[in-house]
Amino acid sequence: MLPDVQSLIALQQADREILRLKEEIAALPKRVAVIEARLSGTKAILEKAKIAVKADEAARRKYETAIQDLQQKISKYRDQSLDVKTNEQYKALMHEIQFAEQDIRANEDKILELMVTAEIREKDVKAAQAKLKAEMAEIESEKAAARERTAEDQRLLGEWNVKRDKARGGVNGDLLPHYDRVAKYRGTGLSEVRDHKCMACQVMLRPQTYNDVRNGVETVICESCQRILFYNPANETQVAAPTFHKRRRAHPKFEATQAWYYRPDYGEDGEVYLSFTNAGGSSTRRVYDVHNGRKLGETLMREGEYRLGFPEDLNAAAIRLNGSWPEEEMDEWGDEMPMVVLDSLQRDLDLARADAASPGRPKSEPVAS
C-alpha cells in the first residue's frame, strides 16, 4: 500500500474519531437537560400535592369554625327557651336548634371526608418527595458522569488532533486537497475496494482499475464518487475454487472451444498463460504474464482450430488448465486480466502440478493435451 494512502487511512480514522468525540461532548449536556426536565415535572407534581393538602386544611378549619358557630347558636337558643311565654315561641326555638344540629352533622361529614382525603394527599406528597429525592440523586450522578466523560473526551480529542496533524503531514500536498474536498461534500474521502467495486458508492470497477488498486503502485481515484481507493486483502471475499473431484483434479475437455495453457518458458516473456478460442473455422490466441496478469502483445487470429493454427505454442512443457470466459468478457479485460481470473488459473496450475507429481496418477493420463 502506498505511504500516502496509509497516511490517508490514518487521517480518515482520526477525522471520524474527532467527529464522534465532538458529537458526544455536545450530547452530554442535552442528556442532563432531559433529566432536569423530568425533575421539573416531579417538582410540579409535589407542589400540586402540597397545595391540595393546604386547601383541604383550610376547608377543614372552615367547617370546624362553622360547627363552633352553630354550637353557640344552639346554646343561645336553649337559654332563650327558658324565657319564652308561649308554646309557639318554644316550638320555633326548637326548630332552630334542630336546623343547627343538622348543619353541624353536615359539616362533621365534610370534615370526615377531608380526613379520608388527607390520607391520600399525604401519600401523594410522600411519593412525590421520594421520587424527587431519587431523581435529584440521579441527576447529580449524571452530571458527575457527564463532567468526567467530557473531561476524558476532551483529552482524547487532543490526542486525536495530534494524530490527525501527523497523518496530514504524511500525505502528498497535491493529494491532501482532493481528500479534503471530497470528504467535505461526501463525508469521507477514502473508500475501500472489495469484490471489484467501490464500497462507498457501490459502483463496479473496471478490471484494470481494480488491479491497479490491488497492486498499490499508484494512487487510484473512483471515477464515480471521486474517493481515493484502497485495498485491504483481509476483507476480500475468497473466490470459490473450481469444483474438483475429491480424489483427482477434473481435467479440461479435449473438444472445448476455449483452452488455457501454462508455459514456463515462453521465449523472452518467461512464464505465461495462453488462451485459445475456436470460432467459425478460425482461432485466436492471447498471452498473459503469469505474475501480474498483464497482456503481452496483441490478440492473434489464424485459420483452423488452435492446435493447427498455433502448433508452435503447444510444446511438451505446456500444461492444460481449466478455464473458460466469454470472448466479450475477455475483450473487456483490456491490457490486464482481473485478479480473480489470475488467482483461479494459479490455483488450477497448483492442482495440476500436484496431480502430475502424485504417484497414484495413471501414466496414460497426460498433463498437457
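Give the residue that is farthest from the chain's Cα centre (by Cα), with candidates limited to residues of the stretch 309-336 that are assigned to a helix (DSSP H, G or I) and touching a residue at least 12 places away in the same chain (Cβ under 8 Å).
If we take residues in the stretch 309-336 being assigned to a helix (DSSP H, G or I) and touching a residue at least 12 places away in the same chain (Cβ under 8 Å), then G309 is farthest from the chain's Cα centre (by Cα).
Considering the stretch 58-73, and only residues there that are in contact with a helix residue (DSSP H, G or I) (Cβ under 8 Å, 6 or more places away or on another chain) and loosely packed, with under 15 Cβ neighbours inside 10 Å, the residue that is nearest to L93 (Cα to Cα) turns out to be Q71. So, D83, is that one part of a loop (DSSP other than H, G, I, E, B) and among the charged types (D, E, K, R) or not? Spelling it out, D83 is indeed part of a loop (DSSP other than H, G, I, E, B) and among the charged types (D, E, K, R). Residues considered: D174, D195. Of these, the only one that is without any contact (Cβ under 8 Å) to a residue 12 or more places away in the chain and surrounded by fewer than 19 Cβ atoms within 10 Å (Cβ to Cβ) is D174.
Could you tell me which residue of the stretch 235-269 is farthest from G189 (Cα to Cα), considering only residues that are at pLDDT 90 or above and hydrophobic (A, V, I, L, M, F, W, C)? Top of the filtered list is A259. Annotation: of all residues in the stretch 93-137 being of a type in the set (V, I, T) and in contact (Cβ under 8 Å) with a residue 60 or more places away in the chain, the one that is nearest to Y77 (Cα to Cα) is T117.
Here the condition is being assigned by TED's automatic domain parsing to the domain that holds R38, assigned to a helix (DSSP H, G or I), modelled with pLDDT under 90 and not hydroxyl-bearing (S, T, Y); of A59, A128, A106, it holds for A128 alone. The number of residues in the stretch 12-44 being surrounded by 15 or more Cβ atoms within 10 Å (Cβ to Cβ) and among the aliphatic types (A, V, I, L, M) comes to 8.
When restricted to residues that are modelled with pLDDT under 80 and over 27 Å from the mean Cα position of the chain (by Cα), the stretch 20-41 contains 3. Consider the stretch 286-295. How many of its residues are assigned to a strand (DSSP E or B) and crowded, with 19+ Cβ neighbours inside 10 Å? The total comes to 3.
So that you can scan it fast, the table gives a plain yes or no per residue for (1) touching a Leu at 6+ places or on another chain (Cβ under 9 Å); (2) of a type in the set (V, I, T); (3) at negative phi:
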{"site": "D180", "(1), (2), (3)": "no, no, yes"}
{"site": "D195", "(1), (2), (3)": "no, no, no"}
{"site": "G216", "(1), (2), (3)": "yes, no, no"}
{"site": "I221", "(1), (2), (3)": "yes, yes, yes"}
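Considering A145, A167, the condition of being in a helix (DSSP H, G or I), at pLDDT below 85 and among the aliphatic types (A, V, I, L, M) is satisfied by A145 alone. When you scan the stretch 224-234, do you find a residue that is at pLDDT below 85 and outside any loop (DSSP other than H, G, I, E, B), even just one? Scanning the stretch 224-234, I find at least one residue that is at pLDDT below 85 and outside any loop (DSSP other than H, G, I, E, B), so the answer is yes. Under the condition of being at pLDDT below 90 and hydrophobic (A, V, I, L, M, F, W, C), the residues counted in the stretch 74-103 number 3. Within the stretch 99-126, being under 30 Å from L39 (Cβ atoms) and loosely packed, with under 14 Cβ neighbours inside 10 Å holds for E119, I120, E122, K123, K126. L274 meets the conditions (1) surrounded by fewer than 18 Cβ atoms within 10 Å (Cβ to Cβ); (2) modelled with pLDDT of 90 or more; (3) closer than 19 Å to L345 by Cα in every case but one. The failed one is (1).
Can you say whether A44 is in a helix (DSSP H, G or I), outside the structural domain of D180 (by TED's automatic domain parsing) and at pLDDT 90 or above, as far as the supplied structure shows?
No; evaluated as a whole, the condition is false for this residue.
With respect to D4, determine if the residue is over 30 Å from R227 (Cα atoms) and either surrounded by 14 or more Cβ atoms within 10 Å (Cβ to Cβ) or without any contact (Cβ under 8 Å) to a residue 12 or more places away in the chain (or both). For D4, the condition - over 30 Å from R227 (Cα atoms) and either surrounded by 14 or more Cβ atoms within 10 Å (Cβ to Cβ) or without any contact (Cβ under 8 Å) to a residue 12 or more places away in the chain (or both) - is not met.
The values are calculated or read from the model by the stated rules, or taken from the named source; none is laboratory data. On a predicted model such as this, the values are computed, not experimentally measured, just so you know. Positions of Cβ are generated from backbone atoms using ideal geometry, with glycine treated the same way; all protein chains shown enter the neighbour counts.
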